[in-house]
1. Given S64, S85, which one is touching a strand residue (DSSP E or B) at 6+ places or on another chain (Cβ under 6 Å), in a loop (DSSP other than H, G, I, E, B), closer than 22 Å to G184 by Cα and assigned by TED's automatic domain parsing to the domain that holds S254?
2. Got a sec? Which of V507, V553 is outside the structural domain of S105 (by TED's automatic domain parsing) and modelled with pLDDT of 95 or more?
3. What are the residues in segment 210-257 that are over 27 Å from L371 (Cβ atoms), in contact (Cβ under 8 Å) with a residue 12 or more places away in the chain, in a loop (DSSP other than H, G, I, E, B) and among the small types (G, A, S), if any?
4. Do we find a residue being in a strand (DSSP E or B), more than 30 Å from the chain's Cα centre (by Cα) and touching a residue at least 12 places away in the same chain (Cβ under 8 Å) anywhere in segment 501-512?
5. State which residue is modelled with the lowest pLDDT when the search covers only segment 573-592 and only residues that are closer than 25 Å to D699 by Cβ and surrounded by 12 or more Cβ atoms within 10 Å (Cβ to Cβ).
6. Could you please find all residues in segment 554-581 being closer than 14 Å to A155 by Cβ and part of a loop (DSSP other than H, G, I, E, B)?
7. List the number of the failed condition for R39; all other conditions in (1) surrounded by fewer than 24 Cβ atoms within 10 Å (Cβ to Cβ); (2) part of a helix (DSSP H, G or I); (3) charged (D, E, K, R) hold.
8. Give segment 90-113 a look and list any residue that's assigned to a loop (DSSP other than H, G, I, E, B), touching a helix residue (DSSP H, G or I) at 6+ places or on another chain (Cβ under 9 Å) and not β-branched (V, I, T), or say none.
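The values are calculated or read from the model by the stated rules, or taken from the named source; none is laboratory data. Quantities reported herein were computed from a predicted structural model and do not represent experimental measurements. Here the Cβ positions follow ideal geometry from the backbone for every residue, glycine too, while neighbour counts run over all protein chains shown.
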Amino acid sequence: MATFDRDADGTPVFVIGLTMAGAISAGAYTAGVTDYLVRAMQAHNARVGQPGGPRHRVMIKALSGASAGGMCAGLIAANLTAIGSAGEPGFDAPRHVSGPGGSWSYVLSRIYDAWVRNVRMWDRDSGAGLLALDDIAGARPTIDQAAVGMEAPGAISVLNGLHLDEVATAALQGIPSWPETRQGFDFLSSELDIFLTTTAINSTVYQVAFGGGDPFVMQQHGLVRHFRLSGLGAGPALPSPWLEDWQDEGMALSPRVATPELPLVAPDGGNWLKLTVASLATGAFPLALAPRIVDATPRELGFLPEGDENARGGALPYDIPAGQVARPVFGAAGAETRTPYVALDGGAIDNEPFAHARFTLRQRGEGGGLLPNPRGGGAAHRAVLMVDPFPEGARFSVVPVPKLLRMLGLSAVAGKLLGTLVGQARFKPAELVQAQDPDVHSRFLITPSRSGDGVDAVGAGAICCGLLGGFGGFLDESFRLHDFALGQRNCQWFLQRHFVLDAANPVLDLPDGPERAGTDVAIIDPGSPVPGGGEVPLHDWAAMEGAALAGVVAQLDTRLKRLGKVEIGKLQGTSWLLRHVLTTVWNKLGGWGLRAQVTRFAATAMLRDLVLRDQHQGYRELDPAQRVLLAGLLGAGGKALSAAELRVAVLEAQGEGALPGAELPDEGAIARFLQGQWHRGILRRSLGSLVGVARYRIDLDRAVAAGPRGA
């Protein structure tokens with residue numbers, strides 16, 4: 001039975017694999033968690049050997065990420081390289097911030113700037129954001145397109161892909177390469193394995209031989225980019241038998257390169273540029289964000305050259321006999337032939353890629369096979385720590401027969417098919433079986449939790465970026481600021497209360513451990529709050545101004561107008577009449593035009609979520625029941641409703657789980673509430689109800705732009 005690792009001086013090492021799940025705009029939360037985590041690990045290791053300090057070190061061997069989590073993984077590698085260089089904060093000199101709720105600090109400044117300050121839906125003053133028109137104007141190719149020497153004509157996504165390139169460039173340029181004499185960080189293995197998931201449109205192919213000689217062909221669309229970063233860490237290499245069996249050495253990276261700066265965004269940046277492209281590709285949310293061209297080779301996708309050379313990727317998280325691994329088939333292509341693929345969001349197939357981190361940590365047993373990572377609190381000496389801002393997932397509900405019948409239609413099946421395929425691709429039966437054991441100390445989860453100010457929420461309800469399916473955090477910087485700080489706060493509490501082992505665990509090397517058996521001991525113990533601050537404060541719940549939301553809606557309409565023009569313009573080979581009809585249907589017909597309806601639908605969805613979650617400044621005085629009533633009126637599709645009709649509609653929506661279950665007031669109170677909002681100007685009263693029972697509908701433009709009452 002394998003035991004725990006030790007570093008060069010014999011100190012026991014607790015080994016960590018850090019996995020970051022898909023998060024979209026809640027990458028700000030993941031960024032906050034990782035900022036606090038690396039600071040706590042650095043402080044912990046600095047206390048080893050000091051009076052009262054821990055007797056074991058902590059060390060990250062593997063990073064894995066999908067979507068926004070994969071972006072964070074790539075940024076971690078780059079940002080740690082930058083720490084301590086000119087103008088950058090360091091572990092002993094973090095950057096301080098005063099925010100709503102108190103002062104706090106951070107050290108990963110490039111991650112902070114990327115996720116909190118720079119990525120956004122729209123900024124009128126700078127003209128930058130996901131709704132800007134740069135890509136439509138064809139200003140320049142995206143980073144991945146430039147890497148393969150091409151430029152796609154016009155926009156290739158609903159949102160502006162060049163904005164993410166701008167954010168990435170600001171975060172990754174100007175990072176000095178390291179001199180040979182610089183020491184790495186002892187909380188990282190000297191061989192740090194990084195795995196970024198992608199979803200390939202053009203797949204790789206595997207063949208399985210059956211009796212009779214004809215092969216059975218399978219396609220692989222979930223392609224993982226594997227990098228091995230050497231020298232950023234000062235800890236032991238910590239070999240991975242799983243990767244050895246697959247002969248997968250990853251794409252080599254080092255902070256010590258011949259150029260003055262790391263070539264993360266340089267056209268000839270080699271593997272560093274490939275890391276940047278993979279980080280962007282894993283977050284290429286289908287249709288919304290630009291797909292990316294990943295410039296790969298068969299060797300990076302699992303092809304094994306003849307001789308002693310290894311593959312540079314392709315390891316699959318499965319138990320296999322050493323040397324008996326499946327390899328993709330590339331026909332006549334050589335190991336280093338350029339075999340690029342178009343990549344979408346890695347989270348579409350594997351949104352929580354902890355299997356790669358877990359397998360990297362596994363040790364070899366006496367018989368040659370891989371051992372499971374020990375799980376008990378008294379035995380665990382390695383663990384996968386996963387950060388997941390959206391742990392809720394789907395919930396089972398009994399579907400009544402009438403609704404099942406409605407699901408049989410062509411349009412209904414088509415609408416559910418993508419979600420069905422994605423959900424099944426993410427299903428991991430092996431992990432499900434192991435998750436049943438309550439005494440597992442080899443895997444841990446950090447997820448949003450917020451208690452205070454009358455709020456007690458977890459998951460999406462605890463973060464300001466949790467609206468609009470995760471895209472809502474791009475609407476306002478205050479949302480991302482709140483979530484970055486909450487990520488730090490949650491990580492601080494997690495390390496103190498949950499990331500623990502039994503005192504008798506040998507890896508802790510406590511002289512009185514056996515006598516303290518049954519007592520929890522923190523795995524990562526910085527001794528006191530990390531340098532630069534005490535307890536991370538709970539920030540005030542953030543809300544955006546109506547004028548800012550109105551600006552987003554207006555810019556969305558502008559972008560949709562230009563998108564329509566460009567896409568219709570591409571149909572030059574078709575008749576003038578068809579192009580004229582499409583232009584009319586898209587842009588004209590007043591409020592019945594398709595563009596106007598899409599804008600109205602998006603504006604309604606944004607306002608509805610902001611109101612329900614108390615994230616719009618214009619509606620902060622409403623109580624929970626009033627928020628639900630206003631959301632019910634927004635969901636009426638422009639139909640005018642009386643107080644009684646609205647109450648019935650909301651109760652039905654609550655019964656179906658479409659609206660929160662706040663207790664509704666009586667009909668009279670609802671009527672008075674609607675009348676008050678009418679006087680305020682955000683509701684209109686239908687002409688037919690000027691006499692008799694009053695019926696109201698939302699004035700969407702005024703409701704979106706509403707300021708605080710009395711302002």
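1. When all the criteria are applied, what remains is S85.
2. Values: V507 fails: outside the structural domain of S105 (by TED's automatic domain parsing).
Every option except V553 fails the conditions.
3. G231, S254
4. Within segment 501-512 (the criterion being in a strand (DSSP E or B), more than 30 Å from the chain's Cα centre (by Cα) and touching a residue at least 12 places away in the same chain (Cβ under 8 Å)), the answer is yes, since at least one residue qualifies.
5. Checked segment 573-592; the qualifying residue modelled with the lowest pLDDT is L589.
6. Within segment 554-581, K570 is the sole residue that qualifies.
7. (1)
8. If the condition is that a residue be assigned to a loop (DSSP other than H, G, I, E, B), touching a helix residue (DSSP H, G or I) at 6+ places or on another chain (Cβ under 9 Å) and not β-branched (V, I, T), then F91, P94, P100, G101, L108 are the ones that fit.
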